[in-house]
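See below for the structure under consideration.
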Amino acid sequence: MIKTIIFDIGNVLAGFDWRGHYRSFGYDEAMVERLARATVKSPAWQEYDRGVLSDEEILDLFIQNDPALEQDIRKVLASFSTLITRYDYAIDWIIKWKAKGYQVLVLSNYSDKGLKESWHSLDFLPYVDGGILSFREKLIKPMPEIYRLLLSRYGLRPEECVFLDDTPENVDAARREGIWGIRFENREQAETELEKLGVC
């Protein structure tokens, strides 16, 4: 029987709208994609979430990917305030599950910079029962250690947990730890998948 629902944050409880953020600076689609290849689509992006490098060190990695875009990279990443967008349903959804008796946690690859600069889009966090943000632990999904840490910290039995994430690799990693996993596409689809597991 499922007792704990574990949510990813980005594109599940809040939007990770890098495309809209970059467009807001007036860049055309070609430049948006070029910036993305140097930043959010680069493996170096994970270093924000890993929390072991300074913001300047991470920027240096992005600039190395496309040195001609240094000023543009610095400009679009000066603030994350419009990079993360609020999902109107997040608070009500969390309250719904808690009212039904489920423990609700978050497990997210998230950066210190993102937490500080996008708090207005994360107003659901006070409603959850806890969780793990990657930068605090220096671990990121899909590393098995981050799932094991969550289970240990909250005294959870994996077979009594379900994890929702929009990234298949992260869901697969949870399943390897014995946690039920759902690939999140939208709220309605997730509700259907949860109901199949007896979460309703």
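The values are calculated or read from the model by the stated rules, or taken from the named source; none is laboratory data. Small disclaimer: the values here were computed from a predicted structure and weren't measured. Note that each Cβ is placed from the backbone with ideal geometry, even for glycine, and that neighbours are counted across all protein chains shown.
General remarks:
- Selection from the stretch 99-127 of residues that are within 12 Å of the chain's Cα centre (by Cα), closer than 24 Å to E145 by Cα and of a type in the set (A, V, I, L, M, F, W, C): V106, L107, L115
- Considering I63, I58, I6, the condition of being touching a Cys at 6+ places or on another chain (Cβ under 9 Å) and either over 27 Å from A174 (Cβ atoms) or modelled with pLDDT of 95 or more (or both) is satisfied by I6 alone.
- V128 buried (at least 17 other Cβ atoms within 10 Å of the Cβ) and either of a type in the set (G, A, S) or more than 26 Å from A44 (Cβ to Cβ) (or both): yes
- Enumeration of residues in the stretch 150-192 that are over 15 Å from the mean Cα position of the chain (by Cα) and of a type in the set (F, W, Y): Y154, W180
- Check on Q71, out of contact with any strand residue (DSSP E or B) (no Cβ under 9 Å at 6 or more places or on another chain) and in contact (Cβ under 8 Å) with a residue 60 or more places away in the chain: no
- Check on W97, modelled with pLDDT of 95 or more, surrounded by 16 or more Cβ atoms within 10 Å (Cβ to Cβ) and either assigned by TED's automatic domain parsing to the domain that holds I179 or on the phi > 0 side of the Ramachandran plot (or both): yes
- The residue that is modelled with the highest pLDDT, counting only those in the stretch 80-94 that are under 15 Å from the mean Cα position of the chain (by Cα) and among the aromatic types (F, W, Y), is Y87.
- Of the helices (runs of 4 or more DSSP H) lying entirely inside the stretch 19-78, those containing at least 3 residues that are within 26 Å of P142 (Cα to Cα) and not aliphatic (A, V, I, L, M) are 46-50, 55-65.
- In the stretch 124-136, the residues that are more than 16 Å from N109 (Cα to Cα) and touching a strand residue (DSSP E or B) at 6+ places or on another chain (Cβ under 7 Å): V128, D129
- Some residue of the stretch 102-109 being assigned to a helix (DSSP H, G or I) and buried (at least 18 other Cβ atoms within 10 Å of the Cβ): no
- Strands (runs of 3 or more DSSP E) (entirely within the stretch 131-191) containing at least 2 residues that are over 12 Å from T4 (Cβ atoms) and not assigned by TED's automatic domain parsing to the domain that holds P43: 131-133, 180-183
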